[in-house]
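Peer 1: Quick one: the structure is below, and I'll ask about it shortly.
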Amino acid sequence: MENQTDVAEGSSAIAHPVDRTIQAGHTILLRLPSGELRTMKLEKDANVNLGKFGSFNSKDLIGQPYGLTYSIVEKSLRIVPPRPLQEVEDTDATNELINDGEAVQPLTVEEIEQLKKAGLSAEEIIKRQIEQHTNYQLKTEYSKEKYKKRKEAKYSKGFTTVIPTLYNVCEYWYNKDQSRLRDIRPDTLSQILNLANIRPGGRYIAVDDASGIVVTGILQRLGGIGRLITICDVDSPPAYPCTVHMNFTRETTAVMSSLNWATADEEYTPIIASHEPPTGTFKSEGQKTRLGKRKVASDVLMHNRDELFAGEFDGLIVASQYDPWSILEKLYPYLGGSASIVVYSPQVQILSDLHTKLKDHTGYLGPSLSEGFLRRYQILPGRTHPTMNTSGTGGFILQAIKVYATPLLHSCR
């Protein structure tokens, strides 16, 4: 079974209220003229250096809404109004008579550098190139548009701020290093969250080895209402880098706690360091503070263990490098009846083997394996069509529902 999704540029549905104005301390995404996304943490009254694009003061961005396009002029930002979409009128021109060569564009690299130093804007430089291009008028209208876009990407000193939606953050990380996300595309992430029935007020367990993109999606949909316990393989709370770009408030992340695999085992007894002073009295305020923090940490750990072992969670979401069957065996007892179970893997064979095991187990209802299909479209007046290149795969998803096994079910089988 395939989940087919035709996706145009856009943003995901927002449960967590995204701050639509840029604030000091935000980690923001910038879309450069080439289409590349770049990330940066915006500090108050700091100099922001974008390399060849120039530099500016962060105060020019703070308080501005996301989504605006800026050009850098003399170390300050100038808002660039959006260009209206225009119909491209087809003409009788063809590209068959065009003969590319060095003489086609008389402007040399040195002359273009001189124009830049003289302070000419990207638009003026492109206009001069067009005026001196001997074959420009022989191009079709579509070729002219592509030529302008290539030159704008090359000479423009500007950027567009990108609103930190779950779609945009997942797309940024996928394009940056999809292996860190275990090949989870934005459409795959949406399928995982929908199949797991993530909703405000729900209680969920997550095993996320995909840089925290699944945890980020769950937190975004919970919106600060509900509970999330993550299981990881490190002693300290795991670093989920994807959550940084969402600029979550403390209220949103307060619903999440973490346990490692050892502390998530009921037979394991955590080693708790003493929070009482050896001599019976505190030697200093510093010692009192340290031991106080140690007591708080141990209390939180025991509370999280008790909450996990109490069970009745609404769902389990797994995107891990470890064997999924061993994970399900470990965490299955803590799920409530009709809880959603969603397991993701970039390899189909792993989930195919798991699917076979679940079909023979009475505690899992309707296990199904699916692969998402994504097709991106270019949407322009008179030029709407699928893009030439697309992603080969976004991984595979197995879904099942927990049911309580009874003697009646065994007899029916």
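Peer 1: Scan the stretch 272-294 and give yes if some residue there is at pLDDT below 95, surrounded by 15 or more Cβ atoms within 10 Å (Cβ to Cβ) and assigned to a helix (DSSP H, G or I), otherwise no.
Peer 2: yes
Peer 1: Select, from LEU189, LEU195, the only residue that is crowded, with 23+ Cβ neighbours inside 10 Å, at pLDDT 95 or above and within 23 Å of LYS402 (Cα to Cα).
Peer 2: Result of the check over LEU189, LEU195: LEU189.
Peer 1: I'm told GLY202 meets every condition in (1) closer than 20 Å to THR165 by Cβ; (2) buried (at least 16 other Cβ atoms within 10 Å of the Cβ); (3) touching a Gly at 6+ places or on another chain (Cβ under 6 Å) except one. Can you identify the failing condition by its number?
Peer 2: (1)
Peer 1: In the stretch 168-186, how many are outside any loop (DSSP other than H, G, I, E, B) and of a type outside the set (Val, Ile, Thr)?
Peer 2: 10
Peer 1: So if I check each of ILE350, ILE327, ILE341, which one is touching a Ser or Thr at 6+ places or on another chain (Cβ under 8 Å) and either more than 18 Å from ILE192 (Cβ to Cβ) or not aromatic (Phe, Trp, Tyr) (or both)?
Peer 2: After ruling out the rest, the residue left standing is ILE327.
Peer 1: What number of residues in the stretch 354-377 are surrounded by fewer than 16 Cβ atoms within 10 Å (Cβ to Cβ), in a helix (DSSP H, G or I) and out of contact with any helix residue (DSSP H, G or I) (no Cβ under 8 Å at 6 or more places or on another chain)?
Peer 2: Final tally of qualifying residues: 2.
Peer 1: I'd like the full set of residues that are closer than 19 Å to THR165 by Cα, of a type in the set (Ser, Thr, Tyr), touching a helix residue (DSSP H, G or I) at 6+ places or on another chain (Cβ under 8 Å) and not in a helix (DSSP H, G or I), limited to the stretch 224-259.
Peer 2: TYR240
Peer 1: Taking the options LEU107, LEU181, name whichever one is modelled with pLDDT of 90 or more and of a type outside the set (Gly, Ala, Ser).
Peer 2: Matching residue, one of LEU107, LEU181: LEU181.
Peer 1: Can you tell me which condition PRO386 does not meet? The list is (1) surrounded by 12 or more Cβ atoms within 10 Å (Cβ to Cβ); (2) in contact with a strand residue (DSSP E or B) (Cβ under 6 Å, 6 or more places away or on another chain), and all the others hold.
Peer 2: (1)
Peer 1: Let me ask you something else. Between GLN378, GLN321, GLN399, which is outside the structural domain of GLU145 (by TED's automatic domain parsing) and at pLDDT below 85?
Peer 2: Unique residue meeting the criteria: GLN378.
The values are calculated or read from the model by the stated rules, or taken from the named source; none is laboratory data. Because the structure is predicted, anything quoted here is derived from the model rather than measured. Ideal geometry is used to build each Cβ from the backbone, glycine not excepted, and the neighbour counts take in all protein chains shown.
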